[in-house]
1. Summarise the partner chain shielding of A:183-189 as one whole number: the mean count of Cβ atoms from other chains within 10 Å of each residue's Cβ.
2. Of the trypsin sites (Lys or Arg not before Pro) in region B:81-117, which ones lie in a loop per DSSP and count no more than 16 other C-beta atoms within 10 Å?
3. Among DSSP bridges having both ends in region A:133-257, what percentage is antiparallel? Round to the nearest 5.
4. Suppose each label sits 7 Å from its Cα in the direction of the beta carbon; what would the residue B:130-residue B:217 distance come out to in nanometres?
5. Averaged over B:35-46, how many beta carbons belonging to a partner chain fall within 10 Å of each residue's beta carbon?
6. May I ask you to derive the FRET efficiency for residue B:103 and residue A:232 from their Cβ-Cβ distance with R0 = 41 Å, giving the value to the nearest 0.05?
7. Kindly state, to the nearest 0.05, the FRET efficiency for residue B:148 paired with residue B:12, given R0 = 56 Å and r defined as their beta-carbon distance.
8. Return the calculated 222 nm mean residue ellipticity for chain A, to the nearest 500 deg cm²/dmol, obtained by summing -39500 (n - 2.57) across DSSP H runs with n ≥ 4 and dividing by the residue count.
There are 2 protein chains.
Amino acid sequence: MVNKLLEVFRNSSLDDYAKLINESIVKREILVLIGKCSVDYTGRGESRLTDGDRVLIIKSDGSVQIHRPEGYKPVNWQPQTSVIEARVVDNKLVLTAIRDKPREILNVVFNEIYLLIRGRLTDNGEFVMYLNESDIRDLIYVNPWLIEDGLHIIGKEKDLGVGAVDLIGVDNKGKAVLIEVKRITASREAALQLYKYVEKYAKLTGAQPRGILVAPSFTTQALDTLKRLNLEYRELDLKKLWLLKKRNMGGKCGLDQLL
Amino acid sequence: MVNKLLEVFRNSSLDDYAKLINESIVKREILVLIGKCSVDYTGRGESRLTDGDRVLIIKSDGSVQIHRPEGYKPVNWQPQTSVIEARVVDNKLVLTAIRDKPREILNVVFNEIYLLIRGRLTDNGEFVMYLNESDIRDLIYVNPWLIEDGLHIIGKEKDLGVGAVDLIGVDNKGKAVLIEVKRITASREAALQLYKYVEKYAKLTGAQPRGILVAPSFTTQALDTLKRLNLEYRELDLKKLWLLKKRNMGGKCGLDQLL
DNA sequence: CGTGCCAGGTGCCGT
DNA sequence: ACGGCACTTGGCACG
């Protein structure tokens, strides 16, 4: 087996490296380049990085990222590019990646190349993310009693013109209830966001709705703001419910058996 | 030259791969692993990724990232880890990366390994970022006339208890001026942020300050909100000034010669 | 297109 | 540690 057609090059000539890179880009292969380089970026911002050893990755969709030996994030990058080109200038390999909208230019000058890997990777794997905000929103949509007895949810992601409120419902007294959901600790901003919806809803309908902020926890500033703006909150850590569900029941029960 | 001690392995045994990986982690080398794997993550969220070809990178600081063949962002990651360990389970290479605070676990099962690269990279390069928000803030701090004639800036990043206002100054009539700076198009949120500071400042001092939002452009919603809240704005694209400066003067002049 | 908002956001800096 | 916020934020969804 030719190892998934992954090719490794070292000690090639600069011209060969340039050719290898440009070929890979055309063929939409993945490319990993390890070497000593300096990087200039100009676009929305502007940056300059002097010489050092880095790992440069070009993916099949034309995204580029340059990694230093430390740090989770790339030091320079380009999410999408319209043009990537490698060429030899002054006996150095220069790689230019240009992005349109916003117009941004990434220029990498390699003073040394230690290693070039290229090849086609096939990835048809399915990625599923759980416990994101929409997950929680949907859970409440189906189980409104988690918030309050007698609550009826009547709308999800309702656009009010100033953004969409997560959930709209009616309580057991017939009063409208706007719900904003946060999957992590809710800040003052979250309270203000909810207030924005409440204000707009009142203006649109002429009726004052209740506003409930739902989150696993709240900053003191958030609680303060909620009180000041006459808004309510419910502490609800869906993550904990999720773990409980997984641990105790093996997923074979309804959520209502948890409490 | 031994190519910066970068080592490449392919067709090794699973036990050898595990050993190579664990060695690299102890020696704090950089490690690039290309192969077919599935990934499970649990922590703040929870995700599952089925089999496919990916590039996994472990850096010397223990950060881990798993890249699919497309997309700028890693599909799974771990910014810092307290423990990374590779071992062979059921004739498969399993890599576990654990992070404390928040407690998160990343589990990668390799069904095939195409390539392993490891080695020590040295990067003492200097990284400088220009045109970020603090850059613009400092520029206005030194050149307050960019905002208004007769303006005196007297404070920078002043914490008002609800967050820090970018700049505080006094206009030529002796009235306090709060300035909020945005490096990109200012939204309604930016206007609200400024209003928050203006409100708090008035409460703290008993005097109503002016509020000016400075940005290269404004959304219509931002302009609407500014008007409603009796706030001012200045269109100021420092990026353009920067480009002009670079293009026309070669950096040999003061900013005031630009206008 | 812009506008709004979530993200396992991350990172920095402050109290 | 919590809190507030910028980021070349990136990414998606929707009018």
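1. Working: counts 2, 3, 0, 0, 0, 3, 4.
What the average comes to for A:183-189 is 2.
2. B:103
3. Details: 10 of 20 bridges.
Once the DSSP bridges in region A:133-257 are tallied, antiparallel ones form about 50 percent.
4. Going from the residue B:130 label point to the residue B:217 one covers 2.2 nm.
5. That works out to 4 on average.
6. For R0 = 41 Å, the calculated efficiency reads 0.85.
7. Details: r = 68 Å, r/R0 = 1.21.
Taking R0 as 56 Å, the efficiency between residue B:148 and residue B:12 is 0.25.
8. -6500 deg cm²/dmol
Where a number appears in this text, it was derived from the coordinates with a stated rule and is not lab data. Remember, it's a predicted structure, so these values are computed and weren't measured experimentally. Quick reminder, even Gly has a Cβ in these numbers, built from the backbone with ideal geometry, and neighbours come from all protein chains shown.
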